[in-house]
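Comments concern the structure below.
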Amino acid sequence: MKKILVLTDFSQNSINAYGYAVKMACQLKAEILLLFSTNGAPLSLTNQLQYSQQLHSFAKRYACDTRRQMNPHHTECLISGDAWTALLPTMSAVHNPDLIIAGSELLAAIEAKGQSLPLEQLAGSPILWVPGKAQYQPVKHLVFVTDFTDQDPEVVEMVKAYAQAFEAEVSPVHFYPSAERAPLVEIKKQGAELNWVLGSNCNCHMLEEEDMMEGLQEYAEQYPVDLFLIATRDTHLTQQYLNQTYRKTDACQTSIPLLNLYQAKKKPCAGSCSHCQQHEKQAETEILA
């Protein structure tokens, strides 16, 4: 992993995300690009100069001591007036970052404008969302939350690549509702195959839980987790994870970052994401026909 694109809106939440990112970059010996956008608000020449000064000051002020010593030159700072949803695919194509890092509150700001992040266009540069209470520690435990029976080889290889970059272990986890007890033998078999492909020394876990968010909390209370990884068509599950009004004050969602990979899932998830809604409409149409 050579390049990390960090998003900021100068909020306290993005300050924490930037601090998290620079420490991760130190672990990975990666380059950082720092990006600020007005998210569609007009950007005059005067404003651009002011934002440039503010962004360079931000980059210096909140970098860790190790980063300052390793990289005495200024972090490359980028400014745009484009909306995040249109800007990120362009930045991904031009700069080809291995990872995009943003504060968890930025997703709510994007969604509040009725916009939706095009995950498919960011497949090669997935977004790591950093909660406000996240404190960086060297990443050693990745938890890949997935459906063992619905895998994409490219996503699996990406998870494997992240594990190798961090020199971390990967634990695959499958949550299933009580109605799915019958095919557990087949699910367990495919989980073992996934674990083998990932080259993981950890056990794969199958947990009976209707609500994935509750399942993540239960898992984090029993096992070490540095990062959660999910692979979805859109940000529905990510929104649920980052929804602060739903969580306990000490919930894992307030401190454990979430990496949202893109996968064209064949099966609907347990929530009401766009894929689920499309699946339900298709089922209704087939019934009526």
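The values are calculated or read from the model by the stated rules, or taken from the named source; none is laboratory data. It should be emphasised that the depicted structure is a prediction, and the values quoted were computed from it without experimental measurement. Ideal geometry is used to build each Cβ from the backbone, glycine not excepted, and the neighbour counts take in all protein chains shown. With ligands, DNA and RNA removed, areas are computed over all heavy atoms of the protein, side chains included. Shrake-Rupley method; radii C 1.70, N 1.55, O 1.52, S 1.80 Å.
When the accessible area of region 63-207 is split by element with a 1.4 Å probe, what percent falls to carbon and sulfur? Present the calculation step by step, with values, prior to reporting the outcome.
Values: 3510 of 7010 Å².
Result for region 63-207: 50 percent of the exposed heavy-atom area is carbon or sulfur.
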Percent relative contact order of region 50-151, based on C-alpha pairs within less than 8 angstrom and at least six residues apart? 25 percent
Of the listed links 29/160; 60/160; 133/267; 29/265; 2/266, those spanning more than 25 angstrom between alpha carbons are 60/160; 133/267; 29/265; 2/266
Cα pairs beyond 20 Å in region 125-215, in percent, come to 41 percent
For the chain, with every protein chain kept in place, what is the accessible area per residue (1.4 Å probe, Å²)? 49 Å²
Per 10 angstrom bin, beginning at 0 and ending with the bin that holds the maximum distance, the Cα pairs of region 78-185 fall in percents of 11, 34, 34, 18, 3, 0
Quote the relative contact order of the chain in percent (integer), defining contacts as alpha-carbon pairs under 8 Å separated by 6+ residues. 19 percent
More than 23 Å apart: what percent of Cα pairs in the chain qualify? 56 percent
On Cα atoms only, tilt of 45-61 relative to the major axis of the chain in degrees: 70 degrees
Considering the convex hull of the alpha carbon atoms of region 161-205, report its projected area averaged over all viewing directions, in nm², one decimal. 3.3 nm²
Spelling it out for residue 209: with amide H atoms placed in the peptide plane at 1.01 Å from N, the residues 5 or more places away or on another chain with amide H under 5 Å from its amide H are 176
Obtain the nm distance between the two label points defined at residue 201 and residue 29 by a simple spin-label model: each point lies 7 Å from its Cα along the Cα-to-C-beta direction. 2.3 nm
